[in-house]
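The values are calculated or read from the model by the stated rules, or taken from the named source; none is laboratory data. These figures come from a predicted structure and were not determined experimentally. We place every Cβ from the backbone using ideal geometry, glycine too, and count neighbours over all the protein chains shown. What goes into the accessible areas is simple: the full protein's heavy atoms, side chains included, and nothing from ligands, DNA or RNA. Shrake-Rupley method; radii C 1.70, N 1.55, O 1.52, S 1.80 Å.
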Amino acid sequence: MAPRVAPVLAPDAEQAKQLAKTPVRPDGERLNVFTTLAHRPGLLRRINALGGWFPREATLPMRERELVVLRVAHRTGGAYVAHQHRAAGARAGLTEAELDAVL
């Protein structure tokens, strides 16, 4: 299925600057969520700031943080976020049973 909003494939200078601050997949490619957000570099800049804040400043341990993200994604119908954070939850130590229970 094609995305409703196509990701930015040829970023301009501002988009490239913001994309350089986003995580990449193991193959080095940017996640579609970030390349899609690049259509609005100001929004992507704020997402980057929030995403960068959590690992440094959040007092909630990663395992619990992933539980919260997964539950909110489930309750709000965020299938993309739930899919992406299921893997992050497993890396944070959540068991398959815990992941199934929260989703």
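Candidates are the residues of the range 55-88 that are surrounded by 12 or more Cβ atoms within 10 Å (Cβ to Cβ) and either touching a Lys or Arg at 6+ places or on another chain (Cβ under 8 Å) or of a type in the set (Val, Ile, Thr) (or both); the one that is nearest to VAL33 (Cα to Cα) is VAL81.
Restricted to the range 89-103, and to residues that are open to solvent by 40 Å² or more (accessible area, probe 1.4 Å) and not hydrophobic (A, V, I, L, M, F, W, C), which residue is nearest to the chain's Cα centre (by Cα)?
Of all residues in the range 89-103, those open to solvent by 40 Å² or more (accessible area, probe 1.4 Å) come to 90-91, 93, 95-98, 100-101, 103.
Narrowing further to those that are not hydrophobic (A, V, I, L, M, F, W, C): 91, 93, 95-96, 98, 100.
Values: ARG91: 14, GLY93: 18, THR95: 20, GLU96: 20, GLU98: 20, ASP100: 20 Å.
So, considering only residues that are open to solvent by 40 Å² or more (accessible area, probe 1.4 Å) and not hydrophobic (A, V, I, L, M, F, W, C), the one nearest to the chain's Cα centre (by Cα) is ARG91.
Among helices (runs of 4 or more DSSP H) entirely within the range 15-103, having at least 1 residues that are farther than 22 Å from ARG4 by Cα and touching a His at 6+ places or on another chain (Cβ under 9 Å) singles out 62-76, 96-102.
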